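Okay, so here's the structure we're looking at.
Any read-out appearing in this document is the output of simple, stated calculations on the displayed coordinates, not a laboratory observation. Model, not experiment: these values are computed from the prediction. We place every Cβ from the backbone using ideal geometry, glycine too, and count neighbours over all the protein chains shown.
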Amino acid sequence: MELFGLYNYWVYTVLLMIGFYAVIAKPNLIKKLIGLSIFQSAVFLLFITMGKVRGGTAPIFQAGVEDQVFSNPLPQVLILTAIVVGISTTALGLGIVVRIKEEYGSIEEHEIQELDRQ
Amino acid sequence: MTVLFGVFLLTLIVITALAIVQTQHLFVAVILAGIFSLLIAVIFFLLDAADVALTEAAIGAGISTMLFLAALTLTAEYERSGSANRLLALGVVAVTTLIMIYATFDKPRLGDPAAPVQQHVAPWYLEHTPEAIGIPNVVTAVLASFRGYDTLGEVSVILTAGIGVLFLFGAKPRRQSGPQRIAPHEPGRGLRHYLIPRVVGQLLIPFILLFGLYVQFHGDYGPGGGFQAGAIVAAAFILYALLEGEAQILRVLPQRLLTGLIAGGALLYGAVGVAGILLGGSFLDYSVLAANPITGQHIGILLIEAGVGITVTGVLISVFHALAARGSV
Amino acid sequence: MSLLLHVSSWVLLSLGGAFVFIGGVGVLRMPNLYTRMHAASLTDSMGAALIIAGVMLQAGPSLAAIKLAAILLFLLLTSPTATNALASAALLAGLRPEEDTSSPEECGE
């Protein structure tokens, strides 16, 4: 069980680096955006993992039940905001990618740089 | 048992992420990203984050997949392979992974009640929510009342993204460079020739809207709130747009009304804050909105969640329109 | 009585899990798109119905059971529609059922 106490953090690290690799190594712009979204999801996983309390439940008061142990509500609030900010960024990024495709005719990074150099 | 289930799901998530980066067919990558979001939503639920799981499922698995697919029809279908510095990128990523895994050994174990994050502000919120705000869902209380400023900032971010997309797609494309699509019917007519999806969709849309309203107003008592409700209502309208076509949805919800919704929600939020000042309290102080401070809190939370839901709905439908109408120009 | 409820709920859940597994194996082993859709629909109908029925037995007569019944109704209404839309899209793209003889190994790319 000792290892499983850290498994969430290892998964977070691996997901973070997978998303980061997609952003820096893949030339396709849509792939970069998907990688960015994986990166963001990894960070959400980290925060929610840190908020979990053993034996706790979701931080909602149930009527008539006394002395409940709740998981931490604060990371959940921060991640709620972060998810919506993430989708806003993705939407704007997709808009830019579509416009780039219309102007340059391609969404591959090296081809766009070639066209820019001419 | 739950531990095993959690470990299994986390491993599945890593495999899905690897598959997303590996595949060169962008459509497959987008659908896998939708599966990834659903799996993460289940993990969030296992970690006692019910609100976050609902938001991730509605926004990550639903709206995000739809936006990516709409953008894919306007761009490319396959990714061209190869990049010059792949080995360097792999090296950097591997070294950073090892360093971060070494760093995780100092972290408090999963579920540790003595961890520093559980000590300072969180017990204060849990203790003071019933007496100061009086609603059962602590997450909504913190989001809407204790940390109302952050949520105002978030509404501004969604507003800015909506304005940005509307600006980007305000100019008509200079040349017809879109991919050739196989459409036997006129573009913009939706799925009018396909009876089964239309009938079932028209049957379900009222219930989806009803569920969206339920989620909006039950944010105080269970998982829910403005963001999830905005995404669900936007999904209902987008389903209508897919079934009946762009022309029809623009008759039902003209673009001016959508722009009004986008601005109106944020305006409502700010107005509640200013009303707090005018009635003698500070900005976004809901206790002065009614004679009884707890009732004032309830009214304030209701109004700002409505503002958030309205803005999110307006922005998501506008972004869909911007992407969907582009192809048929 | 409660032992009977527990046993029957476990039986239903296991059967539902077995159907989901069979559906998964079918998607991997079937030769082309249309037969794979047949296999996948097993997951949506039998698998989902049995699992939700098993969970409803665990929930007992409460609001949760009504919500689960509503979820089951929604699933039974939407998954066949989605399969129909998928098959229509495949036909629209030009993939005829009798001509499609691609093998499972080629269909992964």
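Tabulated results
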| read-out | value |
| --- | --- |
| Mean separation of Cα contacts under 8 Å (6+ apart) over length of chain B, as relative contact order % | 20 percent |
| Theoretical ellipticity at 222 nm over chain A - DSSP helices of four or more residues, -39500 (n - 2.57) apiece, nearest 500 | -26000 deg cm²/dmol |
| Two-site FRET efficiency, B:Val274 against A:Val85, from Cβ-Cβ distance with R₀ of 22 Å, rounded to 0.05 | 0.35 |
| Intensity falloff of chain C expressed as log10 I(q)/I(0), Debye formula with alpha-carbon point scatterers, at q = 0.17 Å⁻¹ | -0.84 |
| Helix-only [θ]222 nm of chain C, DSSP H runs n ≥ 4, -39500 (n - 2.57) each, per residue, nearest 500 | -25500 deg cm²/dmol |
| Charge dipole (the protein assembly as shown, unit charges on Cβ, about Cα centre) - positive-most of B:Thr2, B:Phe217, A:Val98 | A:Val98 |
| Test item: Cα-centred dipole of chain C, Lys/Arg +1 and Asp/Glu -1 on Cβ, debye | 520 debye |
| Chain A: projected area of the alpha-carbon convex hull, averaged over directions, in nm² | 9.7 nm² |
| Long-range Cα-Cα pairs in the protein assembly as shown (distance over 35 Å), rounded percent | 41 percent |
| Cβ-based net charge around B:Ile262, under 15 Å, with every Lys or Arg adding one and every Asp or Glu removing one | 0 |
| Dipole magnitude of the protein assembly as shown about its Cα centre (Cβ charges: Lys, Arg +1; Asp, Glu -1), debye to nearest 20 | 980 debye |
| 11 Å beta-carbon shell around B:Ala325, net charge (K/R +1, D/E -1) | +1 |
| Region B:1-78 - percent relative contact order, Cα under 8 Å, separation 6 or more | 32 percent |
| For residues of B:312-319, the mean tally of beta carbons on other chains within 10 Å | 2 |
| Order by protection proxy (mean Cβ within 10 Å, highest first), peptides B:217-229, B:160-172, C:40-52, B:104-116 | B:217-229, C:40-52, B:160-172, B:104-116 |
| Tensor-based shape of region B:201-291 (alpha-carbon gyration tensor, a/c under 1.5 rounded, otherwise prolate or oblate) | oblate |
| Whole-Å distance, taken between Cα centres, linking region C:12-40 and region A:79-118 | 38 Å |
| Sites C:Leu3 and B:Leu88, calculated FRET efficiency, Cβ-Cβ separation with R0 56 Å, nearest 0.05 | 0.35 |
| Packing rank of B:294-307, A:55-68, where each peptide gets the mean count of other beta carbons within 10 Å, highest leading | B:294-307, A:55-68 |
| Charged-residue dipole, Cβ positions (Lys, Arg, Asp, Glu), chain A about Cα centre, Debye nearest 20 | 100 debye |
| Shielding by partners - mean other protein chain Cβ count within 10 Å, residues of B:136-147 | 5 |
| Rounded if a/c under 1.5, otherwise prolate or oblate - chain B, Cα gyration tensor axes | oblate |
| Greater than 28 Å apart at Cα, pairs in A:Lys26/A:Lys101; A:Lys32/B:Lys172; A:Lys32/B:Lys107 | A:Lys32/B:Lys107 |
| Lys/Arg +1, Asp/Glu -1 at C-beta; the protein assembly as shown dipole; positive extreme among B:Met100, C:Leu3, B:Ala266 | B:Ala266 |
| Estimated FRET transfer efficiency when R0 is 60 angstrom, pair B:Ile205-B:Asn292 (beta carbons, to 0.05) | 0.95 |
| Over chain B: helical MRE at 222 nm, DSSP H runs n ≥ 4 each giving -39500 (n - 2.57), nearest 500 | -22500 deg cm²/dmol |
| Nonlocal amide H pairs with A:Phe70, under 5 Å, H built at 1.01 Å | A:Thr57 |
| Whole-Å distance, taken between Cα centres, linking region B:275-327 and region B:11-67 | 28 Å |
| Shielding of B:53-64 by partner chains, average beta-carbon count, 10 Å | 4 |
| Lys/Arg +1, Asp/Glu -1 at C-beta; the protein assembly as shown dipole; positive extreme among B:Gly307, B:Ala115, B:Ala236 | B:Ala236 |
